Amino acid sequence: MTSEALIRIYDDLAEAQSTLLRRRGVLIEEVPPQLRESIRHIFGEELSPEEAVARILTDVRKRGDQALHDWTARIDGLELEGFEIAPQEWEAAFHNLPPDLAGALTLSARRIQEFHTLQPIASWTTEALGGTLGQRVVAVEKVGVYVPGGTAPLPSSLLMAALPARVAGVSQIIVCTPPGRPDGRVPDVVLAAAHVAGVNRLFRVGGAQAIAALAFGTETIPQVDKIVGAGGLFTTLAKRQVYGLVGLDGLYGPTETVIVADDTANPAWVAADLLAQAEHDVLATAILLTPSRALAEAVQAEVAKRVPALSRGAIAAQALSGQGGIVITPDLETAVRLADEFAPEHLCLSVREPEYWSRQITNAGGIFLGEHSCEVLGDYVAGPSHIMPTCGTARFTGPLSVLDFIKVVNIIALDKDSVTSLCPAAARIATAESLSAHASAARIRIEHQE
């Protein structure tokens with residue numbers, strides 16, 4: 001396979017903007033033939049993904065655990081005796097891990113917890129406006145964490161979602177994750193992460209049926225107040241369809257990285273970072289923006305050299321040919337501007353002055369400054385959550401944090417003088433809105449004090 005076949009270099013900026021850098025929505029625009037056939041096989045008829053998910057949600061809402069059993073058998077081919085996994089099994093799994101892996105999970109958990117503990121969130125009050133006004137920060141009571149596991153176990157995703165929730169003070173953290181093995185078991189490394197994170201309950205159920213169970217509740221799985229975590233298409237559609245009954249952290253598409261690099265960048269490192277992103281999923285996006293043709297060609301050659309040695313090389317190669325690319329820009333300023341317009345999940349600045357160029361960025365889930373701040377450290381052990389906005393949603397939202405697990409309650413305790421001075425204005429606005437009962441409720445306070 002030639003290097004050009006793995007990752008293309010775009011010399012035509014306009015072409016790159018209309019193809020590689022053109023944003024699509026979180027959800028797919030066209031249903032691939034394989035997915036249509038899979039839906040037809042499972043449901044026995046032609047359905048859109050949205051219709052298929054709606055059917056699963058309705059069934060779980062009506063039939064609870066029995067529907068979960070039936071859909072797990074139909075979709076995953078597994079006949080499960082039960083869904084919940086006891087905490088004793090999590091602890092045993094942790095102690096059965098190789099010591100270096102157990103230590104790595106513990107280090108990751110410690111850094112995630114310490115980072116989020118530093119997030120400045122506090123209740124406050126003031127008496128400057130008369131009486132006492134303020135806001136009280138309250139944790140969401142019950143949170144459902146969805147941990148994907150379709151093609152690989154993801155203990156890091158459990159840690160990255162559950163630990164900010166724990167720091168926020170969530171009292172019930174409920175985890176759902178697909179059975180990741182042919183025998184229906186959840187991999188030990190995921191169970192160990194649940195133990196390290198200190199979640200409350202863990203269930204082996206995945207896909208739309210897991211989201212339905214968390215949103216509606218079943219005989220076994222409790223209903224939650226908010227659902228967080230990424231997943232596949234069916235999971236994302238299910239989250240969208242239950243929004244309003246429960247809260248959401250966001251809707252996530254395939255993962256993505258944009259690297260902005262100049263001629264000081266190490267091409268082997270850049271190639272390694274692109275491949276680390278591409279191996280996630282055949283739909284993952286890995287893009288390099290650079291004004292240096294020499295760097296572009298060196299990275300292209302490094303990618304071709306490294307792919308054959310990867311355990312998921314076929315996945316990485318497909319992702320790079322589908323959504324990957326190297327774009328030659330007129331200058332570094334253009335590269336940074338294009339990256340900001342793309343609003344990527346991960347933005348890596350492998351440039352001379354990363355701090356300076358980072359100040360030009362307003363749209364990114366996370367900014368990785370300098371070549372030493374590689375994305376893989378952010379994925380596992382840096383501290384900030386790796387659950388970040390995709391598909392351009394970084395234009396209006398940010399990464400998962402303690403803020404996703406708290407709500408703000410306004411406190412209003414006005415004194416007598418404030419009521420006297422404010423009621424006439426309130427009554428006047430109410431009258432302008434033709435809400436006479438509102439106006440009366442304000443005026444009666446004045447009349448009572450007189």
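Can you compute 3J(HN,Hα) from phi for each residue in the stretch 361-378, using the Karplus curve 6.51 cos²θ - 1.76 cosθ + 1.60 with θ = phi - 60°, rounded to whole Hz and x for Gly and Pro?
9, 10, 10, 6, x, x, 10, 9, 8, x, 5, 6, 8, 6, 4, 4, 5, x
Please report how far the C-alpha centroid of the stretch 166-207 lies from that of the stretch 70-110, rounded to the nearest whole angstrom.
The two parts, judged by their Cα centres, are 6 Å apart.
Among Arg395, Arg111, rank each residue by its count of other Cβ atoms within 10 Å, from fewest to most, as a rough exposure measure.
Arranged by neighbour count, lowest to highest, Arg395, Arg111 become Arg395, Arg111.
Please work out the C-alpha center-to-center distance from the stretch 315-329 to the stretch 265-295 and express it in whole Å.
Here the two parts' Cα centres lie 8 Å apart.
Do the sum for the chain: with -39,500 (n - 2.57) for every DSSP H run of n ≥ 4, divided by all residues, what is the mean residue ellipticity at 222 nm, to the nearest 500 deg cm²/dmol?
Result for the chain, helices only: -14000 deg cm²/dmol.
Tabulate in residue order the Karplus-calculated ³J(HN,Hα) for the stretch 321-326, using 6.51 cos²θ - 1.76 cosθ + 1.60 with θ = phi - 60°, rounded to whole Hz; enter x for Gly and Pro.
6, x, 10, x, x, 10
Give a residue-ordered list of calculated ³J(HN,Hα) values for the stretch 86-99 (Karplus: 6.51 cos²θ - 1.76 cosθ + 1.60, θ = phi - 60°; whole Hz; x for Gly, Pro).
6, x, 4, 6, 5, 5, 4, 4, 4, 6, 8, 6, x, x
Fewest Cβ neighbours within 10 Å first, please rank Ile28, Ile259, Ile406 accordingly.
Going from least to most buried by this count: Ile28, Ile406, Ile259.
Tell me which residues come under 5 Å, amide H to amide H, from Ile326 once H is placed; ignore anything under 5 positions away on its chain.
Those qualifying (amide H under 5 Å, at least 5 residues apart or on another chain) are Arg8, Ile9, Tyr10, Leu288.
Please order Asp281, Asp331 by the number of other Cβ within 10 Å, starting at the fewest.
Asp331, Asp281
Counting Lys and Arg as +1 and Asp and Glu as -1, what is the net charge of the other residues whose Cβ lies under 14 Å from the Cβ of Arg312?
Charge balance in the 14 Å sphere: -1.
Taking the mean number of other Cβ atoms within 10 Å as a proxy for protection, how do you rank 49-55, 306-312 from highest to lowest?
Highest-to-lowest ranking by the protection proxy: 49-55, 306-312.
Counting only the backbone N, which residues of the stretch 120-149 are under 11 Å from the spot 7 Å out from the Cα of Ser171 toward its beta-carbon?
139-142
For Gly149, what residues show an amide H to amide H distance below 5 Å, using hydrogens built from the backbone and excluding near sequence neighbours?
none
Once amide H atoms are placed 1.01 Å from N in the peptide plane, what residues at a sequence separation of 5 or more from Leu248, or on another chain, have their amide H within under 5 Å of its amide H?
HN-HN under 5 Å from Leu248: Ile227.
No lab work stands behind these numbers, since they all come straight from the coordinates. Since the model is a prediction, treat every value here as computed from it, not as a measurement. Cβ sites come from the backbone with ideal geometry, for glycine too, and all protein chains shown count toward neighbours.
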